[in-house]
């Protein structure tokens, strides 16, 4: 079984400031990790993913995340916030094909609403 | 093209109606998913199809009936829904079940009156 905890349901930053959205996971096997963004009344857009290999992954729109196995974390960062970054962000985990039937199931955190003010 | 399309965008139905939600992808993906998202909550998995066969049913009530007529299409048939079923229904696809990323459609906003 896997679970995801996002610390902070709301994060507010100034335009140009650092964005840091926190995500911790629990998984019985090495998971795949994802960050998705959702704008109001829209579907989810993939920002970035970690599967294997390099632990610092870069995504779209200047976002990046670092997989830290020892801390079971996958925090999302962006050096300089833009007004267009205001949205809800979901961290998600899935299990790779390990022979069971629950693989591929995305389990989401509760989401973090990012507000960017001028 | 990484697009998943869903129709309709909005749907209002009574508790005695029968309606269907449609999802389509042309990326050659062999896994397709239905999620339900209530307001201010994360998406919750309902069903997974892999190679057009139902792989996962997350104990969804029988008033929701999925169908995968071919590898590009996924339907969700709705019958005798309750007001608490009002939500955003999201479809997603991935190369295979358990492969890396899922691509989501824009969703259908369902209101049950």
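Hand me the list of strands (runs of 3 or more DSSP E) wholly inside segment A:5-118 holding 1 or more residues that are within 30 Å of residue B:30 (Cβ to Cβ) and facing another protein chain (nearest Cβ under 9 Å).
Correct list: A:32-38, A:44-50, A:87-94.
So, in segment B:75-92, of the ones that are within 14 Å of chain A (Cβ to nearest Cβ) and within 11 Å of residue B:32 (Cβ to Cβ), which residue ends up surrounded by the fewest Cβ atoms within 10 Å (Cβ to Cβ)?
Step by step, filter segment B:75-92, then rank; the result is B:92.
Any idea which of B:95, B:37 is within 11 Å of another protein chain (Cβ to nearest Cβ) and at pLDDT below 95?
None of the other options fit; the residue is B:95.
Taking the criterion of being within 14 Å of chain A (Cβ to nearest Cβ), surrounded by fewer than 17 Cβ atoms within 10 Å (Cβ to Cβ) and under 25 Å from residue A:30 (Cα atoms), would at least one residue in segment B:52-72 satisfy it?
yes
Looking only at segment B:96-113, filter to residues that are within 20 Å of residue A:108 (Cβ to Cβ) and over 14 Å from the mean Cα position of the chain (by Cα); which one of those is surrounded by the most Cβ atoms within 10 Å (Cβ to Cβ)?
By that ranking, first place goes to B:97.
Anything in segment A:34-72 that is farther than 27 Å from residue B:5 by Cβ and in contact with a strand residue (DSSP E or B) (Cβ under 6 Å, 6 or more places away or on another chain)? List them, or say none.
Kept after step one, since they are farther than 27 Å from residue B:5 by Cβ, are these residues of segment A:34-72: A:50, A:52-58, A:62, A:64-72.
Correct list: A:50, A:55, A:56, A:57, A:58, A:62, A:64, A:65, A:66, A:67, A:72.
Just to be sure before I move on: is residue A:107 under 30 Å from residue B:10 (Cβ atoms) and touching a strand residue (DSSP E or B) at 6+ places or on another chain (Cβ under 9 Å) in the structure I sent?
The answer is yes for residue A:107.
Within segment B:98-113, which residues are facing another protein chain (nearest Cβ under 10 Å) and assigned to a loop (DSSP other than H, G, I, E, B)?
If the condition is that a residue be facing another protein chain (nearest Cβ under 10 Å) and assigned to a loop (DSSP other than H, G, I, E, B), then B:98, B:99, B:100, B:101, B:102, B:105, B:106, B:107 are the ones that fit.
The values are calculated or read from the model by the stated rules, or taken from the named source; none is laboratory data. Every value quoted in this text rests on a predicted model; they were computed, and no experiment measured them. As a convention, Cβ positions derive from the backbone with ideal geometry for all residues, glycine included, and neighbour counts pool all protein chains shown.
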